[in-house]
Structures are given as structure tokens and as C-alpha cells.
Amino acid sequence: LGEAHSPGQYTMSGLSSVANALFVSGGVNENGSLRTIQIKRNNKVISTYDFYDFLLKGSTESNVRLQDGDVIFVPFIENKVSLGGAFKRPGNFEFIEGEKILELLQRTNCINEYLFTERSYVLRKMKDGSRKSISVDLDSVLENPESNSNITLKEYDIVKVMSIDDFHDSY
């Protein structure tokens, strides 16, 4: 149900999992959350499935075996952030409330050897609609997750990083 590409009832084999059901239903539509998919049994949420683990890491650890009458509910995306510049995988990504930059970068596997980690920043949307630039030392974050640069992500943040080549070309 919810933001599945083709929501509805499906007959699945007794060995089916959440990932199988999502594939059969055509996956999650462009408005659906990939990070907070709910599995409901007897009208209670029994598990939350993070499809990023499967899509980006091939992990089936959080995949739940389905039972007769289970409901898979795909909610709307609540939190998006944009990764731009020299990341290995630039684009828009969903994050979970309270997630920090390092967690997102590790989960999405966006870090590569071409990043000029000392020259990175977050453009944050302010309440008045303006953008504030926050300097972030990703080198510090990668070395120490407790670093002040490992800031908590907010809706509509844009994380930008230069490549080493871009930095050398500018000097």
C-alpha cells in the first residue's frame, strides 16, 4: 500500500520476503520512501525495512519473511538531501531523521579517492528561504565521527565537495 508503484493485493509464495513483494509490485514510486517501509502484521508495525541496505549494499539482513495477511506500507519521502560535486554517486538521497553526514555517506557509498575533503560544505535552507553555507571538513569527519563537522542533516540540505583536480585547476 501507499507509494508502491502498483499497490494492491498480491499472492506470493510462502518463502517470499519484503524485497520480493516490492519487486512484484513494481517497486516504490518517485514519492515513496525507500528508508522507512513498514511491515504490518495484525495491524501492528512489526518491522521497518530500509531498502537502501539492499539496493546499495546487497544486504538482505533486514528483509522480513512475509506471512499471510501481512501489509507492506510505503510512506511518502520525508527527508531528502542532495549530494553534489565530486561524489562517486551524486544525486538526491533520502535520510532518516537524526542521521549525520558520515552515516549517509557510508550508507550510500559515495566517498571516493578524488574528493578534496577539506573543501566541502553544506548549503542549508533557512526559514526565510535563503541558503546558509556551512563549511564541513569531511577529512575530520572520516577520521573522527564525533567531529563537529559531522553535522546532523536537515531537509533540503545540499552537500557539496570539490574534486582534487578541481582544486588544483583553480590554483
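The values are calculated or read from the model by the stated rules, or taken from the named source; none is laboratory data. Note that the structure is predicted; figures quoted are calculated from it, not measured. Counting neighbours? That spans all protein chains shown, and the Cβs are built from the backbone with ideal geometry, glycine included. Each accessible area value is taken on the protein alone, full model and side chains, heavy atoms only, with ligands, DNA and RNA left out. Shrake-Rupley method; radii C 1.70, N 1.55, O 1.52, S 1.80 Å.
Yes or no, residue by residue, for (1) within 30 Å of L1 (Cβ to Cβ); (2) at pLDDT below 90; (3) out of contact with any strand residue (DSSP E or B) (no Cβ under 8 Å at 6 or more places or on another chain):
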site: L55; (1), (2), (3): yes, yes, yes
site: D68; (1), (2), (3): yes, no, yes
site: Y121; (1), (2), (3): no, yes, no
site: D139; (1), (2), (3): no, yes, no
site: N148; (1), (2), (3): no, yes, yes
site: I158; (1), (2), (3): no, no, no
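Kindly establish whether N20 is of a type outside the set (D, E), assigned to a loop (DSSP other than H, G, I, E, B) and more than 30 Å from R124 (Cβ to Cβ). Taking the combined requirement at face value, the residue does not satisfy it. When L15 is tested against (1) outside any loop (DSSP other than H, G, I, E, B); (2) loosely packed, with under 13 Cβ neighbours inside 10 Å, just one condition goes unmet, and that condition is (1). Cβ-Cβ distances below 7 Å connect the following pairs, each with a first residue in the range 130-157 that is within 12 Å of E99 (Cα to Cα), a second residue that is open to solvent by 80 Å² or more (accessible area, probe 1.4 Å), and a separation of six or more residues or different chains: E155/K80. Of the residues screened, F76 is not one that is under 29 Å from D137 (Cα atoms), under 16 Å from the mean Cα position of the chain (by Cα) and of a type outside the set (A, V, I, L, M). Just checking, does the range 65-72 include any residue being under 29 Å from T152 (Cβ atoms) and either within 15 Å of the chain's Cα centre (by Cα) or not β-branched (V, I, T) (or both)? For the range 65-72, residues under 29 Å from T152 (Cβ atoms) and either within 15 Å of the chain's Cα centre (by Cα) or not β-branched (V, I, T) (or both): absent.
Considered as a group, the residues in the range 21-39 that are over 20 Å from the mean Cα position of the chain (by Cα) and of a type outside the set (S, T, Y) include one that is least open to solvent (accessible area, probe 1.4 Å), and that residue is A21. Counting only helices (runs of 4 or more DSSP H) that sit completely within the range 40-153, those holding 2 or more residues that are over 30 Å from A21 (Cβ atoms) and open to solvent by less than 40 Å² (accessible area, probe 1.4 Å) correspond to 101-108, 138-143.
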